[in-house]
């Protein structure tokens, strides 16, 4: 138990569906992240929120839409996905005091997404 | 583009053997983390190193950050089946929130 929870753990959706992934952190951290993990590829950073403001956006397609309503919750809204979007989606949080270093990330268990 | 190359990609060893995993880059990082990930779960943080030349020990695991802060190694002594998993290194550049993850080393320790 890392203090970061994700729901659902598994999700199967059609290309025309709309769904949302939820992440909650119980660590009092001030930054939250979405990553995509595909087979045979390194973890890809998708979005970063610090103090509820999006500070990194790694050229992610607009069919992925993040939302951070407060420092403990992070959502990833999905619509009209493609089969190649099937992957493990990981949420992480960290405590950022400076950008000089530290702030190790703590990951949730992930949502295994399959797009049919 | 920043890259972190890990080697080896795959490693299958017998219980009790020693091993070293390497994480190399041409970029300088302000900090570097090592994680272990098991199937169906998220990565779990093992250690953070921030100073060039730093060595940290976690029971049978020894982590080293290169003097130039471009590379790192993880050494496991007397590996056990419980060490089986995907080992990931992740580097962070000063002034950014972005972590660059390595390509991963999949370790299997046979009883």
Isotropically averaged projected area of the protein assembly as shown, using the convex hull of Cα atoms (one quarter of hull area), nm²: 12.0 nm²
Two-site label geometry, residue B:7 and residue B:24: point separation in nm, points 7 Å out along Cα→Cβ: 0.4 nm
Relative contact order for the range B:5-85, counting Cα pairs under 8 Å that sit 6 or more residues apart, in percent: 34 percent
P(r) tail fraction, chain B - alpha-carbon pairs more than 23 Å apart, %: 22 percent
Inverse of mean 1/r across different Cα pairs in chain A, Kirkwood, Å: 14.2 Å
Residue of B:16, B:40, B:82 that the Gaussian network model of chain B assigns the largest fluctuation, springs spanning Cα pairs under 10 Å: B:40
Exposure proxy order (Cβ contacts within 10 Å, fewest to most) of A:106, A:89: A:106, A:89
Where labels lie 7 Å past Cα in the beta-carbon direction, separation of residue B:59 and residue A:51 in nm: 3.9 nm
Length-normalised contact order of chain A in % [C-alpha pairs under 8 Å, at least 6 apart]: 37 percent
Along principal axes, Cα extents of the range B:1-57, largest first, whole Å: 34, 26, 20
Residues B:76, B:13, sorted so that the one with the fewest Cβ neighbours within 10 Å comes first: B:13, B:76
When the convex hull of its Cα atoms is projected in every direction, mean area for the range A:20-77 (nm²): 4.2 nm²
In nm, spacing of pseudo-spin labels at residue A:58 and residue A:80 (7 Å Cα→C-beta vector): 2.4 nm
Binned Cα-Cα distance frequencies in the range B:48-111 - 5 Å width, integer %: 4, 15, 22, 24, 18, 10, 4, 2, 0
Packing-based exposure ordering (other Cβ within 10 Å, fewest first) of A:40, A:18: A:40, A:18
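Throughout, read-outs are computed from the coordinates displayed, never taken from laboratory work. Treat the numbers as computed from the prediction; the structure is a model and nothing was measured. Cβ: placed from backbone, ideal geometry, glycine included. Neighbour counts: every protein chain shown.
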